Amino acid sequence: MFQSLIDVVLPVFLVIGAGYAVTATGYFKQVHIDGLMRFTQNFAIPCLLFNAIAHLDLSASFDPRLLASFYTGAALCFMVGLFGARILFNRDWEDAVAIGFCCLFSNSVLLGLAITERAYGPDSLTGNYAIIAFHSPFCYGVGITVMEIVRNRGQGGGRMAGSVLKAMFKNALIIGIGLGFVVNLVGLTLPRVVDDALGLIIRAALPGALFALGGVLVQYRPEGDLRTIAFVCAVSLLLHPALVWTFGTVSKLPQDLFRSAVVNSAMAPGFNAYIFANMYGRARRVAASSVLIATGASILTVWMWLTLLG
């Protein structure tokens, strides 16, 4: 299945590589990349998610087996990352939580959507959107709760968690998803001119985001903690999809949802892994380097999972 590497995986990573190259050579300044990332993350992708959720068949999309398979696998990987960092690498508990979060948060938006669409077509994204709808609330809920427990900061920690959760639900991605649910549940029909305008914006979302992703990765330099970083990469790229494959097979998940679950779980850690580590000032080098190295390594591991999925 070498053809799948050429037809599906490489085009996605060539766009990322182009963003990396033009930024590393100085042709694009970091301010240009930041602007493009802001447009895609805070406007174009929220429009994409809004449109997708607004038109989803909710009864068919939110299969409990899909969510249970993906998020049980994610939660187990968080625990493996947490206790692996503590026991194998002797990190303190706060660092261990941040490392566990790296193993928990896969890049389901920028990479998961793009690769699933190229592999199986735009009609195959139903499962992806169902996973994305719960991704940030679930992952941040787990990470913040466990971090505050190990920090044992009492009321101060509770106030901090509350402010972080408040900020999270101001996130443009979550707002787009929420508005999509409102339109879907109320049964509103958007005027054709609005729908057409959304279509134009949506076409720019994933290519622009992938290009910007390459530019942002220039800022990260892998240095030190290589054993810990390799551990995070292995959990994210191999263990998570293997667990989801097992749970999806046991629960007899339909093929299209099964593919979405496995492909999303096989993605490298997303930028939120670094955001979480930076928020608490813990394991930031591990988080940043894991995002960079796992994104590069996923060229081969994603090809492997696509080959196994057939």
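The values are calculated or read from the model by the stated rules, or taken from the named source; none is laboratory data. None of the values given here were measured: they were computed from a predicted structure. A quick note on method: Cβ atoms are made from the backbone with ideal geometry, for glycine too, and the neighbour counts reach across all protein chains shown. Note: accessible area is taken over every heavy atom of the protein model, side chains too, but ligands, DNA and RNA are not part of it. Shrake-Rupley method; radii C 1.70, N 1.55, O 1.52, S 1.80 Å.
Odds and ends about this structure:
- When Asn272, Asn264, Asn184 are checked against the criterion of being part of a helix (DSSP H, G or I), touching a strand residue (DSSP E or B) at 6+ places or on another chain (Cβ under 7 Å), of a type in the set (S, T, N, Q) and surrounded by 15 or more Cβ atoms within 10 Å (Cβ to Cβ), Asn264 stands alone in meeting it.
- Failed criterion for Val250 (all others in (1) open to solvent by 60 Å² or more (accessible area, probe 1.4 Å); (2) within 19 Å of the chain's Cα centre (by Cα); (3) at pLDDT 90 or above hold): (2)
- Taken over the range 275-310, residues that are touching an Asp or Glu at 6+ places or on another chain (Cβ under 8 Å), open to solvent by less than 50 Å² (accessible area, probe 1.4 Å) and not in a helix (DSSP H, G or I) amount to 1.
- Residues satisfying the stated conditions in the range 277-294, i.e. out of contact with any strand residue (DSSP E or B) (no Cβ under 9 Å at 6 or more places or on another chain) and either at pLDDT 80 or above or within 10 Å of Tyr220 (Cα to Cα) (or both): Ala277, Tyr280, Gly281, Arg282, Ala283, Arg284, Arg285, Val286, Ala288, Ser289, Leu292, Ile293
- Among the residues of the range 241-255, none qualifies, meaning not one is within 18 Å of Leu210 (Cα to Cα), of a type outside the set (Gly, Ala, Ser) and not in a helix (DSSP H, G or I).
- Every pair of residues 6+ apart whose Cβ atoms lie under 7 Å, when the first sits in the range 192-216 and is without any contact (Cβ under 8 Å) to a residue 12 or more places away in the chain and under 12 Å from Val15 (Cβ atoms) while the second is of a type in the set (S, T, N, Q) and assigned to a helix (DSSP H, G or I): none
- Hey, Ala68 closer than 26 Å to Gly178 by Cα and either modelled with pLDDT of 95 or more or aliphatic (A, V, I, L, M) (or both) or not: yes
- Of the residues in the range 69-90, at least one is over 25 Å from Ala287 (Cβ atoms) and under 18 Å from the mean Cα position of the chain (by Cα).
- Number of the condition not met by Val235 [criteria: (1) modelled with pLDDT of 95 or more; (2) farther than 21 Å from His135 by Cβ]: (2)
- In this structure, Val31 does satisfy being in a helix (DSSP H, G or I), open to solvent by 40 Å² or more (accessible area, probe 1.4 Å) and hydrophobic (A, V, I, L, M, F, W, C).
- Checking each residue of the range 50-67 against the condition of being open to solvent by 80 Å² or more (accessible area, probe 1.4 Å) and free of Cβ contacts under 8 Å to residues at least 40 places away in the same chain gives at least one match.
- Members of the range 231-247 found to be under 21 Å from Ser61 (Cβ atoms) and open to solvent by 10 Å² or more (accessible area, probe 1.4 Å), listed by number: Trp245, Phe247
- Condition met for Ile275 (hydrophobic (A, V, I, L, M, F, W, C) and either over 23 Å from His135 (Cα atoms) or free of Cβ contacts under 8 Å to residues at least 24 places away in the same chain (or both)): yes
- The single residue among Gly141, Gly162, Gly156 that is open to solvent by less than 30 Å² (accessible area, probe 1.4 Å), at pLDDT below 85, under 28 Å from Phe83 (Cα atoms) and out of contact with any helix residue (DSSP H, G or I) (no Cβ under 9 Å at 6 or more places or on another chain) turns out to be Gly156.
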